[in-house]
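Encoded as structure tokens, the structure appears first; notes follow it.
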Amino acid sequence: MKKGKVFLVGAGPGDPELLTLKALKILKKADVVVYDRLIARASLKLAPRKAKKIYVGKAHGSHTIPQEAIHKILVEEASEGKTVVRLKGGDPFLFGRGGEEAQELRRAKIPFEVVPGVTSALAVPAYAGIPLTHRNYASSVAIVTGHEDPRKRESWVKWDKIAASVDTIVVLMGAKRLGEIVKSLLEGGRSPQTPVVLIEEGTTKRQRKTLGTLGDIVKKASRRKVKPPAVIVVGDIVHLHKELSWFKP
């Protein structure tokens, strides 16, 4: 039997209208859709009604299905000659484990294609009225994970170097570790007066912003019960939200 093909597709940050034209084209011909927790229902409805839909969502601290099992599903479904869409939130190659899935497909000699998606690291701040760069505020950006593999002996994120060398810092999957992240940035030399915003469920009708500084954002986040998914933006660029906010959830 001829082998099928796996498409590692980025579904964007939440708003289904941010799905790319190529992603739409591929979804419409899918035999199988393997999808994550944050995928919008409207995006799933773009696949054929007869397509098999397999949920492999992961919430913080609770993995519905191990990554190794996801690899097995992709390989087995494609080995049956099917067109498999691995639909992932944001972009599959930015903290989405798409690289690991691509490696597994290569080892199994399964053809695959990567369809980049609009990452929440860029889109969510934009929907909050915050450009990550601006000639008067920021000329550099760092996109950092707030949730590393717990099996690592030590963090690969050098918060002290990031704090001292980058104008705008965007942290994904960091809401649960906000206190540790803030402490590390302060120890790295960032001023307690540095503006910070936490943006929950960005680009959706439930988007909510919590504003503060490195000196008070932990208390504010606790008071407002901020929870994932949330994007953290740190830097003077956050000031522009007052002038540039345009999205009304």
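The values are calculated or read from the model by the stated rules, or taken from the named source; none is laboratory data. As the structure is a prediction and not an experimental result, all values here were calculated from the model. With ideal geometry, Cβ positions are generated from the backbone for all residues, glycine too; neighbour counts draw on all protein chains shown.
For the reader, a short list of remarks on this structure follows.
- Counted residues, segment 101-145 - those being farther than 15 Å from Gly14 by Cα, among the hydrophobic types (A, V, I, L, M, F, W, C) and in a helix (DSSP H, G or I): 2
- Here is the figure for segment 124-150: residues that are of a type in the set (A, V, I, L, M, F, W, C), surrounded by fewer than 21 Cβ atoms within 10 Å (Cβ to Cβ) and either closer than 19 Å to Pro228 by Cα or free of Cβ contacts under 8 Å to residues at least 24 places away in the same chain (or both) total 2.
- When segment 182-218 is limited to residues that are in contact (Cβ under 8 Å) with a residue 60 or more places away in the chain and of a type in the set (Ser, Thr, Tyr), the one that is nearest to Leu172 (Cα to Cα) turns out to be Thr203.
- Which numbered condition Ala164 fails, given (1) among the small types (Gly, Ala, Ser); (2) surrounded by fewer than 19 Cβ atoms within 10 Å (Cβ to Cβ); (3) touching a residue at least 60 places away in the same chain (Cβ under 8 Å): (3)
Matching residues to (1) at negative phi; (2) in contact with a Leu (Cβ under 9 Å, 6 or more places away or on another chain):
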| residue | (1), (2) |
| --- | --- |
| Val85 | yes, yes |
| Gly89 | yes, yes |
| Phe95 | no, yes |
| Glu101 | yes, yes |
| Arg107 | yes, no |
| Val118 | yes, yes |
| Val157 | yes, no |
| Asp160 | yes, yes |
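- Any hit, segment 12-31, residues being buried (at least 20 other Cβ atoms within 10 Å of the Cβ), free of Cβ contacts under 8 Å to residues at least 60 places away in the same chain and either under 22 Å from Gly146 (Cβ atoms) or assigned by TED's automatic domain parsing to the domain that holds Pro111 (or both): yes
- Selection status of Ala230, among the aliphatic types (A, V, I, L, M) and in contact with an Asp or Glu (Cβ under 6 Å, 6 or more places away or on another chain): yes
- Residues (in a loop (DSSP other than H, G, I, E, B) and in contact with a helix residue (DSSP H, G or I) (Cβ under 9 Å, 6 or more places away or on another chain)) located in segment 89-100: Gly89, Asp91, Pro92, Phe93, Leu94, Phe95, Arg97
- Considering segment 1-30, the residues that are more than 16 Å from the chain's Cα centre (by Cα) and among the small types (Gly, Ala, Ser) include one that is farthest from Arg86 (Cα to Cα), namely Gly4.
- Filtering Glu113, Glu68 for residues that are over 17 Å from Ile143 (Cα atoms), out of contact with any Pro (no Cβ under 8 Å at 6 or more places or on another chain) and in contact (Cβ under 8 Å) with a residue 60 or more places away in the chain leaves a single hit, Glu113.
- The condition of being of a type in the set (Val, Ile, Thr) and within 30 Å of Glu243 (Cβ to Cβ) holds for only one of Val75, Val84, Val118, that being Val118.
- Residue within segment 101-123 that is hydroxyl-bearing (Ser, Thr, Tyr), buried (at least 21 other Cβ atoms within 10 Å of the Cβ) and under 28 Å from Arg208 (Cβ atoms) present: yes
- Odd one out for Lys209, checked against (1) within 30 Å of Pro16 (Cα to Cα); (2) outside any strand (DSSP E or B): (2)
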